[in-house]
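What follows is a set of notes on a single structure, which appears directly below.
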Amino acid sequence: MINELKVIIIFIITFCCVGFSYLSSDVFEYPSYFPKPIYDLVNKPLSKQKIELGKKIFYDPLLSADNSISCASCHSSYNAFAHTDHDLSHGINDQIGTRNAPPLFNLAWQSSFMWDGAINHLDFQSLAPISSPMEMGSNIKSVVNKLNQHHYYPKLFYEAFKDSVITGEHVLLALSQFQITLLSVNSKYDAIRQGVDTFSEQEKKGYHLFLKHCNSCHKEPLFFENKYENNGLKVDTLFNDFGRWNITKVSNDSLKFKIPSLRNLSYTKPYMHDGRFNSLNEVLNHYSNEVVLNNNLSPSLKEGISLSAENKVDLIAFLLTLNDQKFTLDKKHKNPNIYQIHQ
Amino acid sequence: MEKPFYLKSIQDSLQVDVFKFYISEIKFLLDEDIVASVHKKNFLINFEDLNSKRIKTKISDTLKFNKIKFNIGIDSITNVSGVYGQDLDPTNGMYWTWNSGYINCKLEGSSKVFKTRKNKYVFHLGGYKSPFISMQTITLEATQSKEIKILIDLNDFFSDLDATKYHTILSPNKKAVVVSKQFSTTFYVKE
């Protein structure tokens, strides 16, 4: 009896170690100063097969009606999964959308998606571009049919979900799994937080300006908040995009947009929901001189932000410490369909 | 579904092309007490799919009940918890892709009473967030038996509907809540 008991205990301990080392190794390791993720990783634990499958789907243009556009078409890994140099993103048949494709990283901490928060969960995010006639012009049913008829996807779904009949649920879960692994936690700012680097004098000045003027909305260490604010942008009368109001129809939500992350700004230009600003200089000029006053303007902007020319240079120097080049170059996030021999 | 049916109130015919809805959390009650509940939470009822119209459940022979209670639609917790499979799989076409949330009920067709393009009516009823919560909970008196037949009187539904005001609903809003309430009153148990 004693021997048997020992065997059981050893077995359990080994199992725990394996589980722990897998999750905390190269797949989803985030700094101790980050809050707990919002995505339910307990009930939907990450698995290597699901992540790899999600990555294949993410990079596969079969998601679009005419097999021309993949997720990566507008979310390029080299640009922190944003659509650099395009103010508005374009979809099938060269159609131009009305908003700037946001970068994708640290999504496990995001509780709503899209500039207006239309999507309430990462699992459902992909449905929107797949179905939008301006983007992929398809629908999840058609995607599932294509995948079921594909020569290698049923096998990959079997390996990931133990079911070779592909369902909408499994397609969306796989896409979530890959996107959760897009962690950007290796900027200079992170190295400083971890005590292995230090700010320059200029960056330090910029950091203090950031804490004073920006941190109320773009809260460190994630540099975003799951909230919507009106940041005083002039309405583009061509689109009349009222942001959050489009979803809630509550007048107080008019012209509010989701607060984006300030990480990786060098790779994710242009800025704002419609990509109207091409440089950080333009953004800071907006906040210091061009904010349009209206009833539901963010309280943090009501007093105005006063920045001298020198302040702006210092602030930008700090913002550049939030760039994470390691993330943009990380091979494990790159297109697997280029290298992999079709099985 | 193939044939239009005659609507007494308007003295004209009405065609139904799509009729699908969710029911959830089915419970059996003895007066005010819950005595049994169906294990599976959500069911998609599609009038084009015979199987979906029959729900089987196992309860004890000796169990006494006199009411059946269920939701028409999907509750808010399910709506915010990410993707599910089977009846809730988004391939069923009962999920909004541009504004997260399940469509609790789809009812589409045509009748001359609707002064719209091709006389079409389209009701996509949903919404889980206040103030536009469209899920309805109903309780029906039910006599103890092995089979309970629940019917929906669409004649009633359309008779009481102001067709000039309610004909096209495609998002969570005030009208969706009004029509959802109206829809929930048309369920009854066949004696």
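Here are some notes:
- Filtering A:K234, A:K188 for residues that are surrounded by 15 or more Cβ atoms within 10 Å (Cβ to Cβ) and of a type in the set (K, R) leaves a single hit, A:K188.
- Filtered residues of the range B:34-72 (kept if of a type in the set (G, A, S) and surrounded by 14 or more Cβ atoms within 10 Å (Cβ to Cβ)): B:A36, B:S37, B:S52
- Every listed requirement among (1) hydroxyl-bearing (S, T, Y); (2) surrounded by fewer than 18 Cβ atoms within 10 Å (Cβ to Cβ); (3) part of a helix (DSSP H, G or I) is met by A:Y207 save one, (2).
- Where B:L14 falls short, out of the listed (1) touching a Ser or Thr at 6+ places or on another chain (Cβ under 9 Å); (2) modelled with pLDDT of 95 or more; (3) aliphatic (A, V, I, L, M); (4) outside any loop (DSSP other than H, G, I, E, B): (2)
- Residues of the range B:12-40 that are under 15 Å from the mean Cα position of the chain (by Cα) and among the basic types (K, R): B:K20 alone.
- Within the range B:126-143, the presence of a residue that is in contact (Cβ under 8 Å) with a residue 60 or more places away in the chain and farther than 24 Å from B:I68 by Cβ is excluded.
- Residue check for B:I103: under 18 Å from B:E48 (Cβ atoms), β-branched (V, I, T) and in a strand (DSSP E or B): yes
- The number of residues in the range A:301-343 that are modelled with pLDDT under 90, of a type in the set (S, T, N, Q) and under 27 Å from the mean Cα position of the chain (by Cα) comes to 3.
- Which numbered condition A:D123 misses (of (1) under 26 Å from A:S254 (Cβ atoms); (2) without any contact (Cβ under 8 Å) to a residue 60 or more places away in the chain; (3) within 14 Å of chain B (Cβ to nearest Cβ)): (1)
- For the range B:91-129, the candidate set comprises residues that are within 14 Å of chain A (Cβ to nearest Cβ), polar (S, T, N, Q) and in contact with a Ser or Thr (Cβ under 9 Å, 6 or more places away or on another chain); within that set, the residue that is farthest from B:H167 (Cα to Cα) is B:T91.
- Residue match in the range A:88-104 (condition: within 17 Å of the chain's Cα centre (by Cα), part of a helix (DSSP H, G or I) and farther than 24 Å from A:L265 by Cα): no
- Residue list for the range A:219-251, restricted to those being without any contact (Cβ under 8 Å) to a residue 40 or more places away in the chain, away from chain B (no Cβ under 14 Å) and on the phi > 0 side of the Ramachandran plot: A:N240
- Candidates are the residues of the range A:130-188 that are within 13 Å of another protein chain (Cβ to nearest Cβ) and in contact with a His (Cβ under 8 Å, 6 or more places away or on another chain); the one that is farthest from A:D330 (Cα to Cα) is A:D163.
- When the range B:16-45 is filtered for residues that are among the polar types (S, T, N, Q) and in contact (Cβ under 8 Å) with a residue 40 or more places away in the chain, the ones remaining, listed by number, are B:S24, B:N42.
- Qualifying residues in the range B:79-90 (those that are more than 15 Å from the chain's Cα centre (by Cα), assigned to a helix (DSSP H, G or I) and crowded, with 19+ Cβ neighbours inside 10 Å) - the one nearest to the other protein chains (Cβ to nearest Cβ): B:P90
- Filtered residues of the range A:98-111 (kept if touching a strand residue (DSSP E or B) at 6+ places or on another chain (Cβ under 7 Å) and either within 10 Å of A:G275 (Cα to Cα) or crowded, with 18+ Cβ neighbours inside 10 Å (or both)): A:A101, A:P102, A:P103, A:Q110
The values are calculated or read from the model by the stated rules, or taken from the named source; none is laboratory data. As the structure is a computational prediction, the values presented were derived from the model and not from experiment. No Cβ is skipped: glycine too gets one built from the backbone with ideal geometry, and neighbour counts run over all protein chains shown.
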